[in-house]
Every structure is written in C-alpha cells, then in structure tokens.
Amino acid sequence: MLGMSTNPYDNAHELSRSILQSEIFNNYLQTKKELDRKPASRDKVLEFRNRQMVVNRAHVTGEEVPADFIRQLSLDFAKLNQEKDIAAFFNAEAEFINMFNDIQEIIRQSIDKVLSE
C-alpha cells in the first residue's frame with residue numbers, strides 16, 4: 001500500500017519498490033535469469049524479438065507486413081512455446097506486462113476522472 005505522502009515522486013518510488021517486491025516481477029526476473037543461463041534458448045528468443053520489432057516498426061510507419069511473415073512469426077511463437085524454459089519466460093513476461101499496463105490504466109483512469117469533472 002502506498003504511503004500517505006502527497007509528493008507524487010515519493011509515491012512513484014514507493015510504487016517502484018512495490019513492483020520490484022511483487023511475486024509477478026520476481027517470477028519474471030527468475031525466468032529471465034534461467035533463460036539467460038541457456039544461450040541457445042536466449043538467442044532464439046532474441047531472434048524472435050528482432051522479427052517482432054520488424055512488424056512493430058512497420059505498423060508504426062504504416063507499412064504493410066506480408067501475411068506470410070506474420071504467419072511464420074505466429075508459427076515460430078507456437079514452436080518456441082513448446083520449449084519449457086521459453087514458455088515459462090513468455091508467460092512470466094506477459095503477466096508482468098499485464099500488471100504494468102493495469103497500473104498505468106489505474107493512473108490514467110484516475111486522472112481522466114478528475115479532468116472530466
């Protein structure tokens with residue numbers, strides 16, 4: 001629970017500490033460390049991430065991504081998820097991202113509510 005400080009910077013630091021102490025973050029950190037101890041698995045994930053970045057960049061710039069590229073990326077994701085260590089990392093990462101997004105949404109909704117009054 002955040003302290004009673006009215007200084008948003010103090011509260012942000014406290015929120016940061018709370019996130020770092022959370023089970024979700026620590027699970028993510030542990031699976032990342034385990035993945036890093038397996039260079040072959042880590043490299044597969046990095047190579048996959050690089051191809052994801054191509055798609056993300058294309059979406060931002062309005063470029064069309066070939067359907068075959070997207071299809072292959074989806075197949076590769078499914079294949080990577082068959083490897084226990086990689087699947088554990090992807091799942092932990094998704095949980096952490098969801099938590100982070102939920103926190104941002106809580107902050108955004110609070111601000112939107114006040115701005116709309």
At pLDDT 95 or above, over 17 Å from the mean Cα position of the chain (by Cα), under 21 Å from Asn26 (Cα atoms) and assigned to a helix (DSSP H, G or I) - does that describe any residue in region 93-105? no
Looking only at region 50-82, and only at residues there that are exposed (fewer than 12 other Cβ atoms within 10 Å of the Cβ) and outside any helix (DSSP H, G or I), the one that is nearest to the chain's Cα centre (by Cα): Gln82
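Restricting the search to region 28-55, which residues are in contact with an Asp or Glu (Cβ under 7 Å, 6 or more places away or on another chain), in contact (Cβ under 8 Å) with a residue 40 or more places away in the chain and not acidic (Asp, Glu)?
Taking region 28-55 as the starting set, the residues that turn out to be in contact with an Asp or Glu (Cβ under 7 Å, 6 or more places away or on another chain) are 28, 34-35, 38, 41-42, 48.
Right, trim to in contact (Cβ under 8 Å) with a residue 40 or more places away in the chain and you get 28, 34-35, 38, 41.
Selection gives Tyr28, Leu35, Lys38, Ser41.
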With criteria (1) closer than 25 Å to Phe100 by Cβ; (2) of a type in the set (S, T, N, Q); (3) not in a loop (DSSP other than H, G, I, E, B), Thr6 comes up short on (3)
Output yes when any residue across region 5-13 is out of contact with any Cys (no Cβ under 7 Å at 6 or more places or on another chain), at pLDDT 95 or above and of a type in the set (Val, Ile, Thr), and no when none is. no
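Answer with yes or no whether Glu14 is more than 17 Å from the chain's Cα centre (by Cα), without any contact (Cβ under 8 Å) to a residue 40 or more places away in the chain and not in a helix (DSSP H, G or I). Give the derivation first.
On the way: more than 17 Å from the chain's Cα centre (by Cα): yes; without any contact (Cβ under 8 Å) to a residue 40 or more places away in the chain: yes; not in a helix (DSSP H, G or I): no.
Against the criterion (more than 17 Å from the chain's Cα centre (by Cα), without any contact (Cβ under 8 Å) to a residue 40 or more places away in the chain and not in a helix (DSSP H, G or I)), Glu14 does not qualify.
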Considering only residues that are surrounded by 10 or more Cβ atoms within 10 Å (Cβ to Cβ) and small (Gly, Ala, Ser), which ones fall in region 14-49? Ser16, Ser18, Ser22, Ser41
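Do we find that Ala88 is without any contact (Cβ under 8 Å) to a residue 40 or more places away in the chain, of a type in the set (A, V, I, L, M) and either out of contact with any strand residue (DSSP E or B) (no Cβ under 8 Å at 6 or more places or on another chain) or part of a helix (DSSP H, G or I) (or both) in this structure? Talk me through it step by step, then tell me what you get.
Working: without any contact (Cβ under 8 Å) to a residue 40 or more places away in the chain: no; of a type in the set (A, V, I, L, M): yes; either out of contact with any strand residue (DSSP E or B) (no Cβ under 8 Å at 6 or more places or on another chain) or part of a helix (DSSP H, G or I) (or both): yes.
No: the conditions fail for Ala88.
The values are calculated or read from the model by the stated rules, or taken from the named source; none is laboratory data. Here the structure is a predicted model, which is why all the values come from computation and not from measurement. Cβ coordinates were reconstructed from backbone atoms using ideal geometry, including for glycine residues, and neighbour counts include every protein chain displayed.
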